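Taken together, the values in this text are just the output of simple stated rules run on the coordinates, not laboratory data. Keep in mind that this is a model prediction, so the values were computed, not measured. Ideal geometry is used to build each Cβ from the backbone, glycine not excepted, and the neighbour counts take in all protein chains shown.
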Amino acid sequence: MTTNILITGGTGFLGRELISHLIKNKKNNIIAFGRTESKLSELPRHPQIKPVCGDIRDYEALYFACKENNVDKIIHAAAMKRIDTCQDFPIEACKTNIDGTINCIKVCKEFGTSLFFISTDKACEPCTTYGATKYLAEQLVRRESQSHDFLGCIIRYGNVLNSTGSVLNIWVKQYKETRKVKVRDKSMTRFFWYVEDSVTFIENCLDKIIIEKGQVFIPKIKALNIYEMACYLYREENVEVTTCSHTEKIHESLNGDYCSKDHVVHPRQLLRNKTAT
Ligand SMILES: NC(=O)c1ccc[n+]([C@@H]2O[C@H](COP(=O)([O-])OP(=O)(O)OC[C@H]3O[C@@H](n4cnc5c(N)ncnc54)[C@H](OP(=O)(O)O)[C@@H]3O)[C@@H](O)[C@H]2O)c1
């Protein structure tokens, strides 16, 4: 039996990787939902990929995309995710990250579709507008899934290396322009992992029989020291230490207030559970 999977943000960094990974399974049909025509047209032409133009702020667009394509699962990856943009345009951030998630929840309630919400460590004890909108969106998915007839879960993780806006790309630009890279604080750490690991993790979550509605899946990933990373990549004398802004924490956390240790899973653990079921 085929599975129709709609990916919001299907044209983004994660979305594109997910698509190329998920079509390896011939039983998956992907509905790549995105709002930028040019990006949609750049997606590979493939019988298992259907690009659909629409904005997650627009309930009707999501409704018809799900109805016309008999969508079984939604991976909700579309977001405004740049810290500065969200700080400067909080209403826009709320419209995309909160209203957009509410629209996903509404279609899931309407059609009984399963919802996989892609979240971030920045949603734990948030100190930014971005983190706060993702926190609220997580709560909406959890609560609404628990009290209505659809399966909703949260997949929360840290920084994906080389993704849009990743520190590695920022350093490349800084080094090209000034022969220096900037680090906020010598003790600052961040969770990093590879995009290949994130798509495998998400795929395993998709196939897992969700026992608990509103479950949070958190991979076991290591926090790395940013200063040490920069020194390793660019040599110590080229690393400039600046000051931390109020929108940055020294250490991020992946476990929020409502997450027990049971929620933290390793990708391989999911794989084992999958084989067992
Ligand atoms: N990258 C990371 O390190 C990281 C870490 C943890 C969690 N996450 C989460 O992972 C998800 C994907 O991140 P990413 O790195 O793939 O980001 P990305 O490359 O910026 O992609 C975001 C996607 O969302 C789409 N989008 C934004 N607003 C939209 C709207 N109103 N309607 C429809 N589509 C919209 C964008 O389309 P347009 O380009 O057309 O606007 C783009 O395709 C996000 O939810 C993010 O919070 C990312």
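Multiply the residue gap between E212 and S20 by 0.36 nm, knock off their C-alpha separation, and tell me the result in nm, one decimal place. Please report the intermediate quantities before stating the final value.
Details: separation 192, 0.36 × 192 = 69.12 nm, distance 2.89 nm.
Additional length available on full extension: 66.2 nm.
Let's see if you can work this out: charge +1 on each Lys and Arg Cβ, -1 on each Asp and Glu Cβ, no other charges. What is the dipole magnitude of the chain about its Cα centre, in debye to the nearest 20?
Numbers: 39 positive and 33 negative charges, 127 e Å.
So the dipole magnitude of the chain works out to roughly 620 debye.
S166 to R45: FRET efficiency via 1/(1 + (r/R0)^6), r the Cβ-Cβ distance, R0 25 Å, to the nearest 0.05? Before the final figure, lay out each step's value.
Values: r = 28 Å, r/R0 = 1.13.
After rounding, the FRET efficiency stands at 0.30.
Can you work out the FRET efficiency for the pair T242 and T36, with r the C-beta to C-beta distance and R0 = 25 Å, to the nearest 0.05? Spell out each step's value before the answer.
Numbers: r = 33 Å, r/R0 = 1.34.
My answer for the efficiency is 0.15.
Dipole magnitude of segment 125-266 about its Cα centre, charges +1 at Lys/Arg Cβ and -1 at Asp/Glu Cβ only, in debye to the nearest 20? Let's see the in-between values first.
Working: 19 positive and 19 negative charges, 80 e Å.
Dipole of segment 125-266, to the nearest 20 debye: 380 debye.
Expressed as a whole number of Å, what is the distance separating the alpha-carbon centroids of segment 227-257 and segment 144-173?
Segment 144-173 and segment 227-257 have Cα centres separated by 19 Å.
Please compute, over every Cα-Cα pair in the chain, the percentage with a separation greater than 33 angstrom.
Value for the chain: 21 percent of Cα pairs lie more than 33 Å apart.
Filter the trypsin sites (Lys or Arg not before Pro) in segment 133-189 down to the DSSP loop ones having no more than 14 other Cβ atoms within 10 Å, then list what survives. Write out the running numbers ahead of the final one.
Working: sites: K134, R142, R143, R156, K173, K176, R179, K180, K182, R184, K186; in loops: R179, K180, R184, K186.
Filter output for segment 133-189: R179, K180, K186.
Can you pull the one-decimal nm distance between simple spin-label points at T85 and T178, each 7 Å off the Cα toward Cβ?
2.3
What is the local net charge at D185, summed over the other residues whose Cβ is closer than 15 Å to its Cβ (Lys, Arg +1; Asp, Glu -1)?
Numbers: positive: K182, R184, K186, R190, K249; negative: E228, E240, E248, E252.
Neighbourhood net charge equals +1.
For segment 165-208, just list the percent of Cα-Cα distances falling in each 10 Å bin from zero outward, please.
In order of increasing distance, the bins hold 22, 35, 25, 16, 3 percent.
Which one of L40, I30, H148 has its Cα pushed farthest toward the positive end of the charge dipole of the chain, where Lys and Arg give +1 and Asp and Glu give -1 at the Cβ?
Checking the options against the dipole of the chain, the answer is I30.
Once whole DSSP H runs in the chain are found, which of them have Cα atoms spread over 20 Å or more along the helix axis and a mean Kyte-Doolittle score of at least -1.0?
Details: long enough: 129-147 (27 Å, -0.92).
Length and hydropathy pass: 129-147.
Using the Cα centre of the chain as origin and beta-carbon charges of +1 (Lys, Arg) and -1 (Asp, Glu), tell me which of C205, L136, I56 is placed farthest towards the positive end of the dipole.
After comparing all options, I get C205.
For Cα pairs less than 8 Å apart in space and 6+ apart in sequence, what is the mean separation divided by the residue count of the chain, i.e. the relative contact order in percent? List each step's numbers first, then the result.
On the way: 517 pairs, mean separation 44.6, N = 277.
The value is 16 percent.
Could you compute the net charge surrounding E252? Neighbours are other residues with a C-beta less than 14 Å from the C-beta of E252; K and R count +1, D and E count -1. The partial results should precede the final answer.
Values: positive: K122, K134, R156, R184, R190, K222, K249; negative: D121, E125, D185, E248.
Residues close to E252 contribute a combined charge of +3.
I need the phi-derived Karplus couplings for segment 151-161: 6.51 cos²θ - 1.76 cosθ + 1.60, θ = phi - 60°, integer Hz, Gly and Pro marked x.
For segment 151-161, the Karplus curve yields 8, x, 9, 10, 10, 10, 8, x, 6, 8, 4 Hz.
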